[in-house]
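Report on the structure given below.
The values are calculated or read from the model by the stated rules, or taken from the named source; none is laboratory data. Quantities reported herein were computed from a predicted structural model and do not represent experimental measurements. Reconstructed Cβ throughout: ideal geometry from the backbone, glycine too, with neighbour counts over all protein chains shown.
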Amino acid sequence: MKEYTLKVKLVSPALTASGEGLGAIIDTDIVFDETGLPYIPAKRIKGCLRDSAREVQEMFEKSEINYLPCIEKTFGVVGTKTSALVYISNLYIENYAKNKEWLNYFLKSNAYKAVLSKDRILETFTHIRRQTAIGEKGVAREHSLRTARVINKGTCFFGDIKTADKDDEIINTIALACLNFRHMGTMRNRGFGEIKCSLHDKKTGTEIPITDKLEGLCIN
């Protein structure tokens, strides 16, 4: 089993929508745990990386580069029961487990109720954005106000990627998908969701580059 670390840094605020709102207060909310710490679900990241790998494949085909990412081998075949060769975990903030443990302790203690709550923890990593539709006369359209909670720019998320063995085709596919993965979430056409994604060796922390052979194919 070969292990890697996936890092996603938000270059702009991001709306990793949960598909739910918060009553009449927030129309579109993000995904967060029971303590208020935001995270990115594994299924969403896997889907984003798969789509990114497909974009790389299309670019290589149009550029006549003699190399294609092994998408199905890496991410599995949609609709089948066979597991993919790559495992991807949820993405959390740095030191998530330890932070969550302490936050749970403080949240359950009556001594800290006046200064700490789930909402205050959530506010540390997020902020509220409001937008409205403007009509032809330059006036806001009635009932068009929408409120969304977004994750702050600069927030970093980390997750585990595990492969059954050291397969260069799989590693190259993931590395290429990470290099091309630059946007995530909704409202990307309005400046949200710009990211920087990188793959790192779990033990050394060094970033995994594409192989020299593949780099040569891309340049030549």
(request) Scan segment 27-60 residue by residue and report those that are touching a Gly at 6+ places or on another chain (Cβ under 8 Å) and among the aliphatic types (A, V, I, L, M). (result) I40, A42, I45
(request) Give segment 4-36 a look and list any residue that's at pLDDT 90 or above, touching a strand residue (DSSP E or B) at 6+ places or on another chain (Cβ under 9 Å) and charged (D, E, K, R), or say none. (result) K7, K9, D33
(request) Please list, ordered by first then second residue, the pairs with beta carbon atoms under 8 Å, 6 or more apart or interchain, first in segment 99-118 and surrounded by 15 or more Cβ atoms within 10 Å (Cβ to Cβ), second basic (K, R). (result) L107/K118
(message) Considering only residues that are at negative phi and modelled with pLDDT of 80 or more, which ones fall in segment 178-194?
(response) C178, L179, N180, F181, R182, H183, M184, F192, E194
(request) Can you tell me which residue among I161, I174, I170, I151 is within 13 Å of I195 (Cβ to Cβ) and at pLDDT 85 or above? (result) I151
(request) Select, from A111, A97, the only residue that is at pLDDT below 90 and either touching a Pro at 6+ places or on another chain (Cβ under 7 Å) or outside any loop (DSSP other than H, G, I, E, B) (or both). (result) A111
(message) If I filter segment 114-147 down to residues being over 19 Å from G191 (Cβ atoms), β-branched (V, I, T) and not in a helix (DSSP H, G or I), which single residue comes out as modelled with the highest pLDDT?
(response) V115
(request) Output yes when any residue across segment 54-64 is in a loop (DSSP other than H, G, I, E, B), over 24 Å from the mean Cα position of the chain (by Cα) and farther than 23 Å from F158 by Cα, and no when none is. (result) yes
(request) Please specify each residue of segment 71-84 satisfying the condition of being surrounded by fewer than 18 Cβ atoms within 10 Å (Cβ to Cβ) and either under 15 Å from L176 (Cα atoms) or small (G, A, S) (or both). (result) E72, K73, G76, G79, S83
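Tell me whether segment 45-57 contains one or more residues that are at pLDDT below 90 and either closer than 27 Å to K100 by Cα or crowded, with 16+ Cβ neighbours inside 10 Å (or both).
No: segment 45-57 contains no residue that is at pLDDT below 90 and either closer than 27 Å to K100 by Cα or crowded, with 16+ Cβ neighbours inside 10 Å (or both).
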